[in-house]
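Trainee: Take this structure first; my questions come after.
The values are calculated or read from the model by the stated rules, or taken from the named source; none is laboratory data. All values reported here derive from a predicted model rather than from experimental measurement. All Cβ positions, even for glycine, are placed from backbone atoms using ideal geometry, and neighbour counts span all protein chains on display.
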Amino acid sequence: MIKINNVSMRFNLGVEKNNSLKNVFIRILSFKKRKKEEFWALKDVTFNIERGEVIGLIGSNGAGKSTLLKVVSGVMKPTKGSVKVNGVISPMIELGAGFDPELTARENIYLNGAILGYSKKFLNEKFDEIVEFSELKNFLDVPVKNFSSGMTAKLAFSIATVVDPEILIVDEILSVGDIKFQEKSKNKMLSMITGGTTVLYVSHSLDSIKELCTKVVWLDHGQVVKIGDPKTICDEYYEKLMGKKNEK
């Protein structure tokens with residue numbers, strides 16, 4: 001369903017924003033130094049995701065997990081390699097990123113829903129369901145700029161999951177809101193998974209990775225370390241991580 005083939009992603013760090021004539025010459029003369037400022041977030045990443053699989057991505061901060069999600073979802077184009085996707089993707093990478101803080105929750109339901117490709121007719125039909133799940137009925141006409149980060153995430157999650165997508169791209173969304181809402185979010189995810197949705201899931205919670213995923217991809221400095229059984233890979237990753245901490 002998803003074929004990730006030799007994907008590499010390069011970023012340029014420390015790019016000088018001053019475009020004066022002096023700085024242009026400095027950048028030309030220091031070309032070698034600037035080349036060293038290139039950062040490869042992903043390096044030759046290759047693996048396939050079959051229909052109905054739930055793939056967990058693990059790794060420390062900076063391992064390339066979120067970058068890979070953005071490449072797969074089409075937010076970023078890889079520097080090298082290719083990604084082939086057979087199905088409609090629903091990305092939950094940056095919840096609330098499409099909200100206008102000056103608009104109310106009610107207005108943002110329609111705005112964010114339109115960004116996700118939902119029709120106005122569909123949103124009218126699903127409006128009450130979105131509001132009920134978000135637990136924000138009493139705040140519908142309050143500007144989102146007055147919401148806490150948890151309230152914003154609740155609303156965004158409720159909009160994004162009102163449909164059962166073919167492919168779900170998830171980045172740490174199970175930590176949104178309070179404990180009660182986190183449990184509700186997890187149950188919603190589980191219902192999607194049992195319904196046949198293909199999932200690519202990033203989380204620092206190894207327990208949730210073990211519980212939800214059918215396979216795990218371990219990334220380190222942009223490269224695949226291992227792919228395999230969730231419990232085996234997560235336990236090995238945890239042992240290595242704790243070993244590094246103890247060495248410090």
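Trainee: Just one of (1) farther than 16 Å from V54 by Cβ; (2) crowded, with 21+ Cβ neighbours inside 10 Å; (3) free of Cβ contacts under 8 Å to residues at least 40 places away in the same chain trips up F157, so point out which.
Mentor: (3)
Trainee: Within the stretch 14-60, restricting attention to residues that are modelled with pLDDT of 65 or more and either among the basic types (K, R) or not in a strand (DSSP E or B) (or both), which residue is surrounded by the most Cβ atoms within 10 Å (Cβ to Cβ)? First the steps, then the outcome.
Mentor: At the first step, the residues of the stretch 14-60 found to be modelled with pLDDT of 65 or more are 37-60.
Narrowing the set further to residues that are either among the basic types (K, R) or not in a strand (DSSP E or B) (or both) leaves 37, 43, 50-53, 59-60.
Numbers: E37: 12, K43: 18, E50: 11, R51: 13, G52: 14, E53: 16, G59: 22, S60: 14.
Across the stretch 14-60, the extreme among qualifying residues is G59.
Trainee: Continuing with the same structure: Say whether the condition of being aliphatic (A, V, I, L, M) and farther than 24 Å from M192 by Cα is met by at least one residue in the stretch 130-139. First the steps, then the outcome.
Mentor: Pass one, the stretch 130-139, residues aliphatic (A, V, I, L, M): 130-131, 136.
Of the ones still in play, those that are also farther than 24 Å from M192 by Cα are none.
No: the stretch 130-139 contains no residue that is aliphatic (A, V, I, L, M) and farther than 24 Å from M192 by Cα.
Trainee: So F147 passes all but one of these: (1) at pLDDT 90 or above; (2) closer than 21 Å to S90 by Cβ. Which condition number does it fail?
Mentor: Only one criterion is unmet by F147, namely (2).
Trainee: So, one more: Would you be able to say whether some residue in the stretch 119-135 is more than 30 Å from F39 (Cβ to Cβ), charged (D, E, K, R) and surrounded by 13 or more Cβ atoms within 10 Å (Cβ to Cβ)?
Mentor: Going residue by residue through the stretch 119-135, those that are more than 30 Å from F39 (Cβ to Cβ) are 119-135.
Okay, now just the ones that are also charged (D, E, K, R), so 120-121, 125-126, 128-129, 132, 135.
Next cut, surrounded by 13 or more Cβ atoms within 10 Å (Cβ to Cβ) only: 126, 135.
The answer is yes, given that some residue of the stretch 119-135 is more than 30 Å from F39 (Cβ to Cβ), charged (D, E, K, R) and surrounded by 13 or more Cβ atoms within 10 Å (Cβ to Cβ).
Trainee: A follow-up question, please. Could you list, in sequence order, all residues of the stretch 169-199 that are assigned to a helix (DSSP H, G or I), of a type in the set (V, I, T) and either touching a Phe, Trp or Tyr at 6+ places or on another chain (Cβ under 9 Å) or modelled with pLDDT of 85 or more (or both)?
Mentor: I173
Trainee: Then there is this: Within the stretch 200-222, can you find the residues that are assigned to a strand (DSSP E or B) and more than 16 Å from the chain's Cα centre (by Cα)? Break it down into steps so the answer makes sense when it comes.
Mentor: Taking the stretch 200-222 first, the residues assigned to a strand (DSSP E or B) are 200-202, 215-220.
Once the filter is applied, which keeps residues that are assigned to a strand (DSSP E or B) and more than 16 Å from the chain's Cα centre (by Cα), the stretch 200-222 yields K215, D220.
Trainee: Looking only at the stretch 137-154, decide whether some residue is surrounded by 18 or more Cβ atoms within 10 Å (Cβ to Cβ) and under 15 Å from the mean Cα position of the chain (by Cα).
Mentor: Of the residues in the stretch 137-154, the ones surrounded by 18 or more Cβ atoms within 10 Å (Cβ to Cβ) are 139, 144, 147, 151-154.
Filter once more, so that each one left must be under 15 Å from the mean Cα position of the chain (by Cα): 153.
Yes, that holds for at least one residue.
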